[in-house]
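Everything below concerns the one structure shown next.
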Amino acid sequence: QVQLVESGGGLVQAGGSLRLSCAASGRTFGSFAMGWFRQAPGKEREFVAASSRSTGSTITADSVKGRFTISRDNAKNTLVLQMNSLKPEDTAVYYCAANPRGRSTRASDYDYWGQGTQVTVSS
């Protein structure tokens, strides 16, 4: 098992930046592919970005490409989502998740989830 705790959310004006972190404990962090998802009120959980077990392979949703960057530090058991040029439509609860089988854009492929952190972008 792995336990995940997100931090770094908050209220920011449109055009601003936030840096989300996900701290992992338990099983070896490097054995998991990791992902960020978000869920806005009344909407389904949406893929944001994912990283393979190594740091060399990432994928990002088209809606955030060029603005959000996912990265991981296996030595520090940490996953990061750097969010720049934020828009009001980025407002959501952001979740990090762990997948022992490999990188995926589907939420159903992830076995472990954090509690989420709220990101609110004002216009």
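The values are calculated or read from the model by the stated rules, or taken from the named source; none is laboratory data. No experiment lies behind these values; they were computed from the predicted model shown. Side chains included, ligands, DNA and RNA excluded: accessible areas come from the protein's heavy atoms. Shrake-Rupley method; radii C 1.70, N 1.55, O 1.52, S 1.80 Å.
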- [ ] Subtract the Cα-Cα distance of Asp62 and Thr28 from 0.36 nm times their separation in residues, and report this length gain in nm to one decimal.
- [x] 9.2 nm
- [ ] Provide the per residue accessible area, probe 1.4 Å, for the chain, rounded to a whole number of square angstrom.
- [x] 49 Å²
Task: Carbon plus sulfur fraction of accessible area for the chain, probe 1.4 Å, in percent - done: 46 percent
